[in-house]
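Worksheet: the structure to be examined is printed underneath.
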Amino acid sequence: MSVTAPSAEVDPAARPARGALVLASASRVRRTLLENAGVVFESEAAAIDEEELRRGLKAASADTGEAATTLAELKARKVSLRHRGALVIGADQILECSGRWFDKPKGLADARADLEALSGREHMLVSRARSSRCQSRAPPSGSAPISSRVSARSFSSASRAITSPSSASRFFRSSIFSAGTARCRREPRLAQVRPVVILGLTGSIAMGKSTAAGAFRRLGVPVHDADRAVHRLFSAGGAAVPLVAKAFPHAVKGGAVDRKALGALVFEDEAALARLESIVHPLVRADEERFLRCQAGRRARLVVLDIPLLFESRGEWRCDAVVVVSAPAFLQAQRVLARPGMTRARLVGILRRQMPDREKRRRADFVVESGLGKRHGLRRIARIVKVMRARRGRRWPPKARFKRG
């Protein structure tokens, strides 16, 4: 995937076009839908390799909903880097039939072959939309998933009207998109699950967050660890490996991402770091949503999202409450400098990119002091679990309303 660095695309002297709407797509169908609705907008293609991304996501065992969500968010984020202050909408649809994902046909023969494969079979069209605003205080928001089941019988007879590659592609996209928007319904897995209370867990480096996460697990609370998710994505066969290989060729060795080499490339380069985050964040979010669906299916009452940069990535908006693990600065430095290869200069660089501990404490719903001993921390966490289990979740499943076309 070719993700361009933000500093190379955004004009520093440009004024943010706050309030403007940008569609991250070159699709004629999507543009026509917005134009017919009287919406004033600009459009720009995200210029990503969708086919390769879909292959990587499918190899990582992502379902169609997760893949479409990841692609929609990636499109929105990439285009938002070039439109500061504007609200950028990214959308993606994936058509699935008998486990096969259908890509947009490249010509007449491909279109007819796809229509023949779909003819007489039930298939599912999954649509996702996500929005992003670069340099805005408003958290990224997106529509909840929508899907549709339609029959392809009518497509077979209509294929006779296809006379050229362009008309084949146009017919296929408009037919599928129209059917999906006309017959959309909420995805059952999200509409039928009970609310889950989501507790965000965060803290600066060496504050004791991993120990706190272990305490939550001991108390029977499922924990999603964002760092572990990144490790899986970077390991051999991970969905992030081909994407990182395109953006940072020297950081991939033996079919896996070399985290040390990658860290050296992005540590002092803000543009490279932003490029890496635009690759990794949507994939971690997809893994997080898969975790939430799984726990909702198991009827979990409370779950924890362990996210190191929760406030920095504005992730608190998708949590019902936030726990910050904190410790005195001298203890934090002592813990960090005891790690192999860590220096004080490196610690200063890491802290520069993180929100100050005092600000995190101010924003938190609960604070766990890790410097007072494990027993104190465990008692505090047990109390938090008791309080949160008595609450009702308001963030999951996502609430959404759809207008039927």
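In this entry, the stretch 190-316 is assigned a mean projected area of 8.8 nm², taken as a quarter of its C-alpha convex hull surface. Ranking of Trp396, Trp101 by neighbouring Cβ atoms within 10 Å, starting from the fewest: Trp101, Trp396. Extending 7 Å from the Cα toward the beta-carbon at both Arg339 and His376 defines two label points whose distance is 2.4 nm. Taking a straight Cα-Cα cut-off under 19 Å and skipping sequence neighbours fewer than 8 places away in the same chain, the aspartates and glutamates within cross-link reach of Lys386 are Asp306, Asp320, Asp365, Glu369. Each residue in Met388, Met355 was given a count of other beta-carbon atoms within 10 angstrom of its own, and listing them fewest first yields Met355, Met388.
I'd like the FRET efficiency for Asp227 and Arg121, computed as 1/(1 + (r/R0)^6) with the beta carbon distance as r and R0 of 56 Å, rounded to 0.05. Please list the in-between numbers first.
Numbers: r = 42 Å, r/R0 = 0.75.
The pair Asp227/Arg121 has a calculated efficiency of 0.85.
With the cut-off at 25 Å, tell me which of the pairs Lys209/Lys260; Lys253/Lys360; Lys58/Lys253; Lys58/Lys260; Lys78/Lys209 have Cα atoms farther apart than that.
Values: Lys209/Lys260 22 Å; Lys253/Lys360 37 Å; Lys58/Lys253 22 Å; Lys58/Lys260 27 Å; Lys78/Lys209 31 Å.
Pairs exceeding 25 Å: Lys253/Lys360; Lys58/Lys260; Lys78/Lys209.
Between Ala109 and Ala264, 0.36 nm times their residue separation minus their Cα-Cα distance comes to what? Intermediate values should be presented prior to the final figure.
On the way: separation 155, 0.36 × 155 = 55.80 nm, distance 4.72 nm.
Result: 51.1 nm gained on full extension.
Projecting label points 7 angstrom from Cα along Cα→Cβ for Leu33 and Lys386 puts them 5.0 nm apart.
Values quoted throughout were computed directly from the atomic coordinates according to the rules given, and no laboratory measurement underlies them. The shown structure was predicted, so the numbers you read here are calculated from the model rather than taken from an experiment. Positions of Cβ are generated from backbone atoms using ideal geometry, with glycine treated the same way; all protein chains shown enter the neighbour counts.
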